[in-house]
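Working notes, beginning with the structure itself.
The values are calculated or read from the model by the stated rules, or taken from the named source; none is laboratory data. Every value quoted in this text rests on a predicted model; they were computed, and no experiment measured them. Glycine gets a Cβ as well: all are built from the backbone with ideal geometry, and neighbour counts include every protein chain shown.
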Amino acid sequence: MNDPENKSIEETSTSLNNLNKQGGWKENLTLIGVALILALLIRVFIAEPRLIPSASMYPTLQIGDRLVVEKISYRLHPPQAGDIVVFQTPPELQERGYDDNQAFIKRIIGLPGDIVGIVNGQVYVNGKQLEETYIAEPANQPFPLIKIPENKFFVMGDNRNDSNDSRYWGFLPRRNLIGHAAFRFWPLNRLGLIG
C-alpha cells in the first residue's frame with residue numbers, strides 16, 4: 001500500500017540526504033580552501049622547506065639534505081655570527097645574470113661593523129681568529145681586511161674552497177634574508193637542529 005503519509009516522509013528523508021551530500025561537499029571544499037590558505041600563510045610568514053642542491057655548506061649540510069627554514073626569529077632579533085641563513089640572490093649576483101628568485105644558503109661570519117679578513121687560511125673577525133670546527137678545509141686564498149657596512153653581513157660556505165659567497169660578490173644585505181636554517185628533516189639519520 002502506498003500511504004501518502006509514508007511517501008511524504010520518504011521524500012523528505014531523500015531530500016534531506018541530498019542536501020546533506022551537497023552541504024558536505026561544500027563543507028569539504030571550504031575546509032580544503034582554508035587548509036591551502038593556512039599552508040600558504042605558514043610558508044610565506046613562518047617556515048618553509050628547502051632542498052640543499054650543492055656542496056657549498058659541506059660538511060654541515062650535504063647535497064639532498066632537506067631543511068626547515070624559519071622566518072620569524074629575524075623579525076624579533078638580529079642575526080648572529082654563526083647563523084646559517086637562507087637568502088635571495090644578492091644584487092651583485094643579479095647583475096651577473098643570476099635569477100633574483102634563486103635562494104642561497106651560507107653561514108654568517110661577520111656582522112655590521114665587524115672587520116673580516118682571511119690570512120694563511122684562517123678567518124679573522126675584529127682581529128681574533130675564528131674557531132671553525134665546522135669547515136671542510138681552510139680557505140686556500142687570502143682575503144683583505146674589510147669593514148662590513150651597516151645592515152649587511154659577510155657570509156661564507158663551510159666548504160670554503162667550493163663556495164660562491166661574500167668573498168666573490170660582496171656583502172649580503174639584510175633585506176635579502178629569507179630566514180634561518182633551523183632543522184634538517186631529511187635524511188632521517190641526520191635529523192635534527194642545524195647549528
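Looking at the range 141-154 only, could you name the residues that are in a strand (DSSP E or B) and over 15 Å from PRO78 (Cα atoms)? The answer is PHE143, PRO144, LEU145, ILE146, LYS147. If you go through the range 152-173 and pick out every residue that is over 14 Å from GLY82 (Cα atoms), touching a residue at least 40 places away in the same chain (Cβ under 8 Å) and not aromatic (Phe, Trp, Tyr), you end up with 11. Go through the range 99-122 and report how many residues are free of Cβ contacts under 8 Å to residues at least 12 places away in the same chain and over 22 Å from the mean Cα position of the chain (by Cα). Here the count works out to 0.
Of all residues in the range 132-139, at least one satisfies being touching a residue at least 12 places away in the same chain (Cβ under 8 Å) and hydroxyl-bearing (Ser, Thr, Tyr). One residue stands out among those in the range 164-195 that are buried (at least 18 other Cβ atoms within 10 Å of the Cβ), at pLDDT 95 or above and part of a loop (DSSP other than H, G, I, E, B): the one that is farthest from the chain's Cα centre (by Cα), which is PHE171. Among the residues of the range 162-195, those identified as under 23 Å from LYS128 (Cβ atoms) and of a type in the set (S, T, N, Q) are SER163, SER166.
Cβ-Cβ contacts under 9 Å between residues 6 or more apart (or on different chains), taken from a first residue in the range 38-58 that is at positive phi to a second residue that is at pLDDT 95 or above, are absent.
Evaluating PRO91 against the criteria (1) outside the structural domain of ILE105 (by TED's automatic domain parsing); (2) within 22 Å of LEU111 (Cβ to Cβ); (3) of a type outside the set (A, V, I, L, M, F, W, C) leaves one unmet condition, (1).
Kindly establish whether LEU93 is modelled with pLDDT under 95, within 21 Å of ALA181 (Cβ to Cβ) and crowded, with 18+ Cβ neighbours inside 10 Å. So LEU93 fits the description; yes. For the range 1-48, a residue qualifies if it is outside any helix (DSSP H, G or I) and either of a type in the set (D, E, K, R) or modelled with pLDDT under 55 (or both), and the qualifying residues are MET1, ASP3, GLU48.
If you check PHE143 against the conditions, is it aromatic (Phe, Trp, Tyr) and under 27 Å from ILE46 (Cβ atoms)? The answer is no for PHE143.
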